[in-house]
Amino acid sequence: MIRDSFKPMLVCVLFLVACSNYIVHPKQDTEDEPDSAGFEFMPGDAYAEADDGESSQPDSDDQDATGDSLDADGTDGDVETTGSDDGGIEDTETPALTCIDELKSGFESDVDCGGPCPACAEGLACFNNKDCASIYCVNGICAELDGFGIKCGGLPNENTTGVINEESLLPSGGLIVTEDGALIENLHITGALDIRANNVHVRNVRIDAGGALYAIRTDRQVDGKAFQWPWKGIVIEHVEAYGTSSAIVLAGGQGNAAGEGVIIRHVNLHDSGSDATKLRSNVLLECGYFHRLGTNEGAHADAVQSRKGNNVEIRYNNCDLPVSGSVDFPGSPYKTNACVIMGAEVGPIDNYHIHHNRMNGGNYTVYVGPDKGFGAPTDVVINDNSFGSHYRYGIMSAKTSVIFSNNRCESSGLEVDDNECACPEGITCGQK
């Protein structure tokens, strides 16, 4: 039973020989809560066997970006149920009365905004990122998004993403989180992190998946059986993860806008068997570094892969996937496919915004697929990105209408012309 949920709790599980330091946010009634606070500890090397019968083998995903399919068998390596992404959960929350009294009251960060009220506009006061419409609070003020420097602390790389306090990390086995409001921090996890709750915050965590299918996933019901993307309010930040047999992060959640389900930021994702992320609905992905992907035999690795989902925003990330086998990377063991690839193979795709990223490599750096049974992706906007030259075929292949504007070549600063970016002088790029 949790008596003081603000204090860090040290839980040691002898049969795992692992300890975890975590904080559980306060709840109205904790009398019936188990001492484990909604955590189920699992040894990393046993995670695949306990993974509801799913194979720990890589899924046969990611057909070459020149093909018509994202996945050879159309299964994505996980079981999809029919029906909507909302999992049957309705959002019945209503704004507090103080949100319309034209006063700064209650837990508002500014007048009638922040806290339980609608997010604040730029220039208004904030306590944290969630208080701001821009999802960016700087020195107590909601700031605008104006580049990698302000938003991400510089171009996302190994120095600006991932773990920020190495000394604080404690060893842990794989975790299943079922406690709403749990804070998972300061851990070096061997295994996988399976989130089955609302408002879970993950920060300053390193995950060596040890061959598990995914390092982080947010798709399961509490019983672990259904795939309905039932959760919302999940934040994953300053995480380094690697060593999966499939993608590193499988994420999606409840909501009606990017970030309401899941926010992923300042992550360093690398050395996966396949992709960095598989994204579904209501996800904001920002300030991430995606590199060294696709170690499986025959992999076609993507930084972002979507086969269904609405309301996805991808901004201020650094995707560095120079195509394997190109002249400048002849011995690369990584088999890359695309920085972003989408195709509505297991459900519709709508409202997908890709902006202010650095994207380099892949067969096509961005691939937007055709109608594969659920209509072609709709409302896809790609703007203000910087594209590198180390691709195989071109910057983008779009099988449907997209808005593509103000995208520039990293080598010259000029707008992308004829789907190509010239290589820097003295360097040979691509393999056409």
>> For a bin width of 10 Å, list the pair-distance distribution of region 194-307 built from all Cα-Cα distances, rounded to whole %.
In response: 16, 50, 31, 3
>> Just to be sure I understand the model, the point goes 7 Å from the Cα along the line to the Cβ. What's the resulting I141 to D379 distance in nm?
In response: 3.2 nm
> Sorted by mean Cβ packing within 10 Å, highest first, what order do the peptides 339-345, 313-319, 379-385, 162-168 take?
Replying inline: 339-345, 313-319, 379-385, 162-168
> Spin-label point model (7 Å from Cα, Cβ direction): what's the D101 to A133 distance in nm?
Replying inline: 2.4 nm
>> Ranking request for peptides 350-361, 236-247, 275-286: highest mean number of other beta-carbon atoms within 10 Å first, then the rest in descending order.
In response: 275-286, 236-247, 350-361
> Pairs K151/K232; K335/K372; K130/K308; K308/K372: which exceed 20 Å Cα-Cα?
Replying inline: K151/K232; K335/K372; K130/K308
> Along the Cα-to-C-beta direction of S168, a point sits 7 Å from the Cα; which residues of region 187-227 have their amide N less than 19 Å from that point?
Replying inline: 187-190, 200-208
>> Quick check: net charge around E102, other residues with Cβ under 15 Å of its Cβ, Lys/Arg +1 and Asp/Glu -1?
In response: -3
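Values in this text are rule-based calculations from the coordinates and carry no lab data. None of the values given here were measured: they were computed from a predicted structure. Cβ: placed from backbone, ideal geometry, glycine included. Neighbour counts: every protein chain shown.
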